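Report on one structure; see the data block that follows.
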Amino acid sequence: MTGDEDSRMCKDISEDACHQQPGNVWRHLLASLGTKLADELASARLVLPWLLGLIGAPVWMVGLLVPIREAGALLPQLVVAGFIRPLPRRKWVWVAGSVLQALMAVSLVIITLLSRGDGDSGLGGSLAGGLVLGCLVVLSLGRGVASIATKDVLGKTIAKQRRGRLMGWSGSLAGAMTLLAGGVLMLLGEQPGQQVLATLMAIAALGWSLNAFCAALIKEDRGATSGGANAWDTVRQGFSQLRHDAAFRNFNLARALLLSSALALPYIALLGQQQSGESLGGLGVLVVVSGLAGMVASPIWGKLADTSSRRVMRNAGAGAAVCCALAGSMVWWPGALSDSVWSYAVVYGLLVIAHSGIRLGRKTYVVDLASADNRALYVALSNTLTGVLMLVLGLAIGGLAQWLGSEWLLLILAGVATAAALCAQRLPEVEDD
């Protein structure tokens, strides 16, 4: 994994970066472990909906969590790409984004402890819910800043055909830690929910702090600083690349269709929650399944992505289509299966496995597709386009769910995921370039 062998050969990074690669692998691994664990413990798909329910926030706020979390992290990235270009070392932008996320997690701890679901004392439900959404907006912006810098530093410090494996193992370690947290939640199912969730937020803050600390220790060469531009110039340059680079254009189309997996996860969790109520035991089941799925799947997807990230995107998209179809049709299953939270948890876990492959595949693909000169621009433009689509599709999907019901919505998303797999099949290979 580290590339620490006698006949060390590194693709597309400098000789000095190749020499520093073994140590940098471990710094990247621990940094990624911290942020992945924090993302799971402050998940907008699982944990924050439970928090809003416990503090008595209006139901409509729950529907804003995933779009804010995803779009807020992706939309500013074109501006960030133009900002970091003049910086010879981009790791400090990564550090700043992670510190901002840690501060927002601490704020969520305070809001959780000061809130009261009945509204009689402490922060009222609507006020507390609004503060949670406000913290999530800032947290997502910090995530976006850290994300664009992380991929740029990854491309400068880790060679091709090792990046996917690195991200896979970090996902596996984070999955193991999340599995432990879910088990604790199941044991503490009858304990005061707000105190337990506040503890989860505090651990998330520590995770982002670990990410910032390890990022600061990475040995990063000075990079190219020429070609910096303001935000508008960056936008124009990005869309010019989108017009002229067919592979990049088709990748973004496939990635847009693959959003179906992210949009489906909350609705499967919602169906499971309807079977278990709002007890933390039910949340623990979903967290355990999610952590176990990530722990098992990520290293496998990562190794496969180093060989062909295109095939990983295709296969994971097909798997997501099957999971959405299973979840959508579960209402017609025998009552013993359709009425059990464990049935939804199993399908949720399978979709987490597919979603993990989608994320690893598209992250590896865009980093390997780009060169050192345009990597930050490619990542930023792709993420910005995805952020816009996430907001638009999130609102549209919410309307469809209200109109058709979650089951029919999931069947529609199964069709979209099938189209995504077919689109990914047409992408060119980039790992052997």
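The values are calculated or read from the model by the stated rules, or taken from the named source; none is laboratory data. Since this is a predicted model, take the numbers as computed values, not measurements. Cβ sites come from the backbone with ideal geometry, for glycine too, and all protein chains shown count toward neighbours. Keep in mind that these areas ignore ligands, DNA and RNA; they rest on the heavy atoms of the full protein, side chains included. Shrake-Rupley method; radii C 1.70, N 1.55, O 1.52, S 1.80 Å.
Among the residues of the stretch 318-329, is there at least one that is closer than 17 Å to Gly168 by Cα and under 19 Å from the mean Cα position of the chain (by Cα)?
Taking the stretch 318-329 as the starting set, the residues that turn out to be closer than 17 Å to Gly168 by Cα are none.
The answer is no, given that none of the residues of the stretch 318-329 is closer than 17 Å to Gly168 by Cα and under 19 Å from the mean Cα position of the chain (by Cα).
For the subset of the stretch 145-161 comprising residues that are touching a Gly at 6+ places or on another chain (Cβ under 7 Å) and at pLDDT 70 or above, which member is surrounded by the fewest Cβ atoms within 10 Å (Cβ to Cβ)?
Narrowing the stretch 145-161 to residues touching a Gly at 6+ places or on another chain (Cβ under 7 Å): 145-146, 149, 156, 159.
Then drop every residue that is not at pLDDT 70 or above, which leaves 145-146, 149, 156.
Values: Val145: 25, Ala146: 27, Ala149: 29, Lys156: 23.
Applying the filter and picking the extreme gives Lys156.
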Consider the stretch 262-306. How many of its residues are at pLDDT 80 or above, touching a Lys or Arg at 6+ places or on another chain (Cβ under 9 Å) and under 24 Å from Ile68 (Cβ atoms)? 2
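Here's the yes/no breakdown for (1) at pLDDT 70 or above; (2) more than 24 Å from Arg255 (Cβ to Cβ); (3) touching a Phe, Trp or Tyr at 6+ places or on another chain (Cβ under 7 Å):
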{"residue": "Met1", "(1), (2), (3)": "no, yes, yes"}
{"residue": "Glu15", "(1), (2), (3)": "no, yes, no"}
{"residue": "Thr35", "(1), (2), (3)": "yes, no, yes"}
{"residue": "Pro58", "(1), (2), (3)": "yes, yes, no"}
{"residue": "Val66", "(1), (2), (3)": "yes, no, no"}
{"residue": "Arg85", "(1), (2), (3)": "no, no, no"}
So Val312 passes all but one of these: (1) in contact with a helix residue (DSSP H, G or I) (Cβ under 6 Å, 6 or more places away or on another chain); (2) open to solvent by 30 Å² or more (accessible area, probe 1.4 Å). Which condition number does it fail? (2)
